[in-house]
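Okay, structure first, notes after.
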Amino acid sequence: MRVLFLSNFYPPANRGGYAQWCQEVAEGLRNQGHEVLVLTSDHGYVEKQIHDPAWIRRKLKLEMDMISLRNSLLFFTRRKSREKENLIRLQQILEEFMPNAVLIWGMWNLSLSLAALVEKLKPGLVAYYMGDYWPSLPNQFVFYWQAPARNWITGIPKLLLRPIALRILSGEERPVLHFEHVIFPTIFMRDELLRKGLSPKETKIILGAVDTNRYEYRKNESNAQNTESLSLLFVGRLTPEKGVHTAIEALSYLVHQRGYHQIKLIIVGGGEPDYEDYLHRLTRKEKVEHVVTFISAQPKEVMPALYHQADIFLFTSIWPEPFGRVLIEAMASGLVVVGATSGGAVEILVENENALLFSPGDSIGLAMQLVRLIESPSLRRKLREAGRETAIAKFDIQRMTTEIEAYLQKIVTG
């Protein structure tokens, strides 16, 4: 097959889990003998730092620049011309590459007219891998104009221009997409988007995955003798909906109420500066700053080593995440997972079988599950082994790629 991937982001310019899936599946299909071309945005692209092969084309412009003071001006001067240029580039790629199938990946901050053009020119041959909520979100500029300005320099012109811009946006018709073939990483994600009004003609569940071979399994428990000396790990964006504060509050309970002074927490990630400052203040308020370590977001090549330094992985998301890629990475690495019962995570984690669960935002509930693990090395051993088996059997990237390949072949052959 000749498969065209259309995506807003692509590594290494963006290291998010959804973008990593796109890269891994694209490379997997190439390894299985298919011709692949990726058309993506130039976001984060620096030619001297990123050396792309010929089959990756960073030719598209995002609808709105990320964190730019020029977005107000861009809206009135370059927005429509950007969209037109993107459509021209997409049509040129379609005519040049002549794909048998098109797999539309992330579309957030790209005009939906791109997907509409593909559906028009390749009827019946377009599939979507739906790993986030982009079909249910308004135009990115709607968010921009409704949000308060970050500083006084942009605040005054934004305040003056906001009514005009929102009036323009309200008068524009949203492109209608037919969503003939839609793949979801979890049943939860499918049901959630159906609830939000998505009406696909055909759906398929192909569970998300990771390259489990990257995460070497530790057979020997690091703290078999000293059951109180355990290392907890959080990995992810530092934003309120990720619930990292829940982990800090649970740690405070373990240290000050249960007397587990040797336990420690490692937080890996970056995000909103205000929330990061709040987390640092919270560690001082709870008097646990001596057992909490903050590490900035790391490239995926470094992550296996960080996982191997920990014993227990904390998944504290408050919002309903579509999947939870870090859960599989942790389980494949041999960590015991304690996770919040939110979103797609409930299709990965099973209480007392391959993980322990708690209600989102419930720091005491999280703490009590950690007490169970601290006091029972045998429970840790059982969950660690079962988690590893789950990751390999159900969530390996080779399985995901093979299932997507079969689905695309079915579409191509009609």
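The values are calculated or read from the model by the stated rules, or taken from the named source; none is laboratory data. Predicted model, so just to flag it, every value in this text is computed and none were measured. Cβ sites come from the backbone with ideal geometry, for glycine too, and all protein chains shown count toward neighbours.
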- Considering region 114-135 alone, what residues qualify as being in contact (Cβ under 8 Å) with a residue 60 or more places away in the chain and surrounded by fewer than 16 Cβ atoms within 10 Å (Cβ to Cβ)? Gly124, Tyr133
- Which ranges mark the strands (runs of 3 or more DSSP E) fully within region 281-356 that have 3 or more residues being modelled with pLDDT of 95 or more and surrounded by 22 or more Cβ atoms within 10 Å (Cβ to Cβ)? 312-315, 336-340
- Message: Is it the case, given these coordinates, that Arg380 is part of a helix (DSSP H, G or I) and under 24 Å from Arg30 (Cβ atoms)?
- Response: no
- Query: Out of all the residues in region 200-216, which are in a strand (DSSP E or B) and without any contact (Cβ under 8 Å) to a residue 24 or more places away in the chain?
  - Reply: Glu202, Thr203, Ile205
- Message: Just to be sure before I move on: is Leu357 touching an Asp or Glu at 6+ places or on another chain (Cβ under 6 Å), assigned by TED's automatic domain parsing to the domain that holds Val244, of a type outside the set (S, T, N, Q) and farther than 23 Å from Gly16 by Cβ in the structure I sent?
- Response: yes
- Query: For region 177-208, which residues satisfy the criterion of being under 16 Å from the mean Cα position of the chain (by Cα), of a type in the set (Phe, Trp, Tyr) and within 23 Å of Glu405 (Cβ to Cβ)?
  - Reply: Phe184
- Item | Top-ranked residue in region 24-82 [being in contact with a strand residue (DSSP E or B) (Cβ under 9 Å, 6 or more places away or on another chain) and hydroxyl-bearing (Ser, Thr, Tyr); ranked as nearest to Ala101 (Cα to Cα)] | Thr40
- Here are some conditions: (1) under 24 Å from Leu169 (Cβ atoms); (2) buried (at least 21 other Cβ atoms within 10 Å of the Cβ); (3) at pLDDT 95 or above. Glu63 meets all but one. Which one does it not meet? (3)
- Query: What is the number of the single condition among (1) assigned to a helix (DSSP H, G or I); (2) free of Cβ contacts under 8 Å to residues at least 60 places away in the same chain that Arg388 does not meet?
  - Reply: (2)
- Message: Could you check region 109-147 and list, in sequence order, the residues that are at pLDDT 95 or above and acidic (Asp, Glu)?
- Response: Glu119
- Enumeration of residues in region 283-307 that are among the aliphatic types (A, V, I, L, M) and within 17 Å of Leu232 (Cα to Cα): Val288, Val291, Val292, Ile295, Ala297, Met303, Ala305, Leu306
- Mind telling me which of the residues Leu194, Leu160 ends up being modelled with pLDDT of 95 or more and either closer than 30 Å to Lys122 by Cβ or in a helix (DSSP H, G or I) (or both)? Leu194
- Item | Leu177 vs. criteria touching a helix residue (DSSP H, G or I) at 6+ places or on another chain (Cβ under 9 Å), surrounded by 14 or more Cβ atoms within 10 Å (Cβ to Cβ) and part of a helix (DSSP H, G or I) | no
- Query: List, please: which pairs have Cβ atoms under 6 Å, are six or more places apart or on different chains, and start with a residue in region 256-267 that is farther than 14 Å from Ser363 by Cα and end with one that is aromatic (Phe, Trp, Tyr) and surrounded by fewer than 15 Cβ atoms within 10 Å (Cβ to Cβ)?
  - Reply: none
- Query: Give me the pairs: first residue in region 288-315 and charged (D, E, K, R), second residue at pLDDT 95 or above, beta-carbon distance under 6 Å, and six or more apart or on different chains, which are they?
  - Reply: Glu289/Thr283; Asp311/Ser231
- Message: Anything in region 143-174 that is polar (S, T, N, Q) and surrounded by fewer than 11 Cβ atoms within 10 Å (Cβ to Cβ)? List them, or say none.
- Response: Asn151, Ser170
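I want to confirm something. Restricting to region 1-57 and keeping residues that are in a loop (DSSP other than H, G, I, E, B) and among the polar types (S, T, N, Q), which single residue is farthest from Ala406 (Cα to Cα)?
This residue is Gln49.
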- If Ile88 passes every condition in (1) assigned to a helix (DSSP H, G or I); (2) under 20 Å from Ile183 (Cα atoms); (3) among the β-branched types (Val, Ile, Thr) but one, which one does it miss? (2)
- Restricting region 1-50 to residues that are buried (at least 16 other Cβ atoms within 10 Å of the Cβ) and of a type in the set (S, T, N, Q), which is nearest to the chain's Cα centre (by Cα)? Gln20
- With Pro240, Pro273 as the choices, which residue is modelled with pLDDT under 95, closer than 27 Å to Ala367 by Cα and either in the same structural domain as Lys382 (by TED's automatic domain parsing) or surrounded by fewer than 20 Cβ atoms within 10 Å (Cβ to Cβ) (or both)? Pro273
- Do we have Ser41 as in contact with a Cys (Cβ under 9 Å, 6 or more places away or on another chain), polar (S, T, N, Q) and at pLDDT 95 or above here? no
